[in-house]
Amino acid sequence: MLARDIMTSPVVSVDPDASVEDIAKLLLAKGISAVPVVDPEKGAVGMVSEADLMHRPELGAQTRRRWWLDLFAAREVALAKEFVKQHGLKARDVMHEGVESVAPEADAADIVAAMEAAGVRRVLVREGGELRGIVTRSNLLPAFLAGREAQRAAERDGSIRAAILEKLAGQPWATLARDGVRVSEGVVTLSGVVSSEEERRALRIAAESVPGVTRVIDRTEIAVSAVPYWD
């Protein structure tokens, strides 16, 4: 599955000047865990997630000063950034800057790789600079299940084809080439050259008798016998 198939669209987003309170209300109302911050001129500039709102004075859950900051040469800068994060009132203050993005044609494996490389739970889908959608880890679950079902379907089709070929292998009348038998989602397609109308009918019946076959499409052609020429 591609990003365009599993993404959530249109994207719920906020302006850089959106208030933290409004963002919290939006996350609750939409049942989402994060929202992109989109600047009218620059496009997506960051993301505000539930995690960004956890260490707030409103919750009485401010992050305690970390001991390693005392060993950090630029600890004042780090402490100032932490203060802004905890006390900021606008999206631009609390967002984590920079967002990972993928193209609409990116497949599930590309999306997972992008998430893991950046250590994020969601990526934006952009096309020509335009924001088209967002893919979260929860969006990947349907793709996972669809992939598993497609794998099982391919295995079933392979078993059906093998059973048909095995049945034909013992029949002296069967002249159809092995690659003339194709199976997709239980539908058997027969194509190629056969020796007679009787063989064509027998091939159809042989395929229909295999468990799991839902339909048989006959695209075979009867070989034209050479007509002797008499002078």
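The values are calculated or read from the model by the stated rules, or taken from the named source; none is laboratory data. Because the structure is predicted, anything quoted here is derived from the model rather than measured. Here the Cβ positions follow ideal geometry from the backbone for every residue, glycine too, while neighbour counts run over all protein chains shown.
Of the residues making up the range 16-38, just one is out of contact with any Asp or Glu (no Cβ under 6 Å at 6 or more places or on another chain) and of a type in the set (S, T, Y), namely S19.
For the range 91-111, the set of residues classified as over 20 Å from M54 (Cβ atoms), surrounded by fewer than 19 Cβ atoms within 10 Å (Cβ to Cβ) and in contact with a Lys or Arg (Cβ under 9 Å, 6 or more places away or on another chain) consists of E100, A103, P104, E105, listed by residue number. Whenever a residue of the range 192-204 is free of Cβ contacts under 8 Å to residues at least 24 places away in the same chain, its partners that are not in a helix (DSSP H, G or I), lying with C-beta atoms within less than 6 angstrom and at least six residues away or across chains, give the pairs R200/V194; R200/T220; R204/V216; R204/D218. Sub-6 Å Cβ pairs linking a first residue in the range 1-23 that is in a helix (DSSP H, G or I) to a second residue that is loosely packed, with under 14 Cβ neighbours inside 10 Å, at least 6 apart or interchain, are V20/L89, ordered by first then second residue.
Of the candidates R152, R137, R132, R178, the single residue that is of a type outside the set (S, T, Y) and in the same structural domain as S209 (by TED's automatic domain parsing) is R178.
Summed over the range 128-181, the residues that are closer than 21 Å to V216 by Cα and free of Cβ contacts under 8 Å to residues at least 40 places away in the same chain give a count of 22. Residues in the range 28-42 that are within 11 Å of P16 (Cβ to Cβ) and either assigned to a loop (DSSP other than H, G, I, E, B) or not assigned by TED's automatic domain parsing to the domain that holds V12 (or both): P40, E41, K42. The single condition among (1) surrounded by 16 or more Cβ atoms within 10 Å (Cβ to Cβ); (2) in a helix (DSSP H, G or I); (3) within 24 Å of the chain's Cα centre (by Cα) that I160 does not meet is (3).
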